[in-house]
1. How would segment 57-184 be classified by its alpha-carbon gyration tensor: rounded, prolate or oblate, with rounded meaning a/c under 1.5 and the a/b versus b/c comparison settling the rest?
2. What is the distance in Å between the Cα centroid of segment 137-174 and that of segment 9-63?
3. Which links in K32/K132; K124/K153; K125/K153; K97/K135; K102/K125 stretch past 32 Å when you go from one Cα to the other?
4. Taking the number of other C-beta atoms within 10 Å as the exposure measure, put I52, I62 in order starting with the fewest.
5. Dipole of the chain, Cα-centred, from +1 at each Lys and Arg C-beta and -1 at each Asp and Glu C-beta, to the nearest 20 debye?
6. Using 7 Å Cα-to-Cβ label points, what is the N182/L100 separation (nm, one decimal)?
7. Count neighbours as other Cβ atoms within 10 Å of each site's Cβ, and list the chymotrypsin sites (Phe, Trp or Tyr not before Pro) in segment 1-66 that are DSSP loop with at most 10 such neighbours.
8. By Kyte-Doolittle mean hydropathy of at least -0.5 and Cα axial length of at least 18 Å, which whole DSSP H helices of the chain are selected?
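Bear in mind these aren't lab numbers, they're just calculated from the coordinates by the rules spelled out. Worth saying up front: this structure is predicted, and the values here are computed from it rather than measured. Positions of Cβ are backbone-derived with ideal geometry, glycine not excepted, and every protein chain shown enters the neighbour counts.
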Amino acid sequence: MKRVILFLTLLIPFFYLLVELFILQSVTDPIKYIYTVTGSTATVILFFTITISLIRKYINLIPYRRMIGLYGFFYAFLHLLNFYILDAELDFSFVIKESLDKPFIYLGMIAFFILLFMALTSTKKLFAKYNKYHKFVYLALILITIHFIMAQKSLSILQFIYIGIILLISYCKLLQQIINKNKI
Ligand code: HEM
C-alpha cells in the first residue's frame, strides 16, 4: 500500500506538467517550463534519496529507495528529452556541439550519464556487483547543483533556500560518513 501511495505521489509532477501544457494551456514558454519542472523535480527527488538513510530512525523508506531513485532518473530523462526533441529539434549534431561547447550543458550531461549508469545497475544482481560505484551519485549531485546555479540569470530567495537545504543535507551526510567510519 505504502509503495502504491509513493508511486502515485512521485507521478504528481508529471501529471501536473501534462495538465498545465495540454489541458489548461497556460504556459507561455513550454520548453523553459518543461526544463524547470523536470529539472527541479529530478533534483529534489535525487537529494531526497540521499537523505533516506539519515531519516530511517523516524521513517523507514529504505525498501523504497530504489524506486524513488529511479523516479529521479525518470524526470532527468524527461529533461534530456526536452533538450533533444523540443529544444534541439532532433538535431544530434547540435546536441553534440552544445554539449562540448557549454560547460553548463556538459556538466548536466556528465551528471545524466552517472544517473543512467546507476539506473541500469540498480537491479539486485547488478547492484551487488556495482554498488561501490553508486557513490558517484555524490559527484552527480555536485554537478547538478552547479548546473542548476549556472542555469539562473540571478538567484531568487527561494533558490538561495534550496541551496541552503542542499548544503545542510551535504553536511549531515558528511557527518554520517565520519561517524560510521569512526563508529562514534
Ligand atoms: C542531460 C543533460 C542536461 C541538459 C542538456 C540540460 C539542459 C538544461 C537547460 C538548457 C536548462 C536551462 C533552462 C532554461 O532556463 O531555459 C537547464 C536547467 C536546469 N536543469 Fe538541466 N540539463 C541536463 C541535465 C540535468 C540533470 C541531470 C538535472 C537534475 C537531475 C538537471 C536539473 C536542472 C535544473 C534544476 C535546472 C534549472 C531549472 C530552472 O530553474 O528553470 N539538469 N538544464
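1. Oblate.
2. Computed from Cα coordinates, the inter-centre distance equals 16 Å.
3. From the list (K32/K132; K124/K153; K125/K153; K97/K135; K102/K125), the Cα-Cα distance tops 32 Å for K32/K132; K124/K153; K125/K153; K102/K125.
4. Taking fewest neighbouring Cβ atoms as first place, the list is I62, I52.
5. Around 1420 debye, computed over the chain.
6. 4.8
7. On the way: sites: F7, F14, F15, Y16, F22, Y33, Y35, F47, F48, Y58, Y64; in loops: Y58.
Listed in order of number, the matching sites are Y58.
8. Within the chain the helices that satisfy the rule are 30-51, 65-81, 103-120, 137-150, 157-182.
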